[in-house]
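Contents: one structure, followed by commentary.
The values are calculated or read from the model by the stated rules, or taken from the named source; none is laboratory data. Just so it is clear, the model here is predicted, and its values are computed rather than measured. With ideal geometry, Cβ positions are generated from the backbone for all residues, glycine too; neighbour counts draw on all protein chains shown.
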Amino acid sequence: MLATLGFWQQEWVTLPGMTPVADSNLAPSVVGVSAMLQIIVWMGVLEFWTNKGNVTMEVRAGRGAKDCWSEAIASYRPPT
């Protein structure tokens, strides 16, 4: 719901000091590459920090991905 509110806000409301854009899907082109890269880099840093450096699913789970799938398949029960 917050994403919908943000999309609506970009269509109908312009904040002071911001460049108005006719189509909110074109807003990243108005901001520029450096701002978009800054978002990507800081989200990567945040994810790395919150996962304590574990960047793969195998490391996070403490076992191989094959074992995870084997357990999921073995525990599956079809609906009756």
Which residue pairs have Cβ atoms under 7 Å apart, sit 6 or more places apart or on different chains, and have a first residue in segment 21-33 that is at negative phi and a second that is part of a helix (DSSP H, G or I)? VAL21/ALA27; VAL21/VAL30; SER24/PHE7; SER24/GLN10; SER24/GLU11; ALA27/GLN10; PRO28/MET36
Can you tell me how many residues within segment 1-16 are under 22 Å from the mean Cα position of the chain (by Cα) and either more than 17 Å from VAL31 (Cβ to Cβ) or among the β-branched types (Val, Ile, Thr) (or both)? 6
Would you mind telling me which numbered condition in (1) part of a helix (DSSP H, G or I); (2) at pLDDT 70 or above THR80 fails? (1)
Within segment 12-28, work out how many residues are surrounded by 12 or more Cβ atoms within 10 Å (Cβ to Cβ) and of a type in the set (D, E, K, R). 0
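Taking segment 24-69 on its own, how many of its residues are more than 25 Å from THR14 (Cα to Cα), among the aliphatic types (A, V, I, L, M) and at pLDDT below 85?
Going through segment 24-69 one residue at a time, the tally reaches 5.
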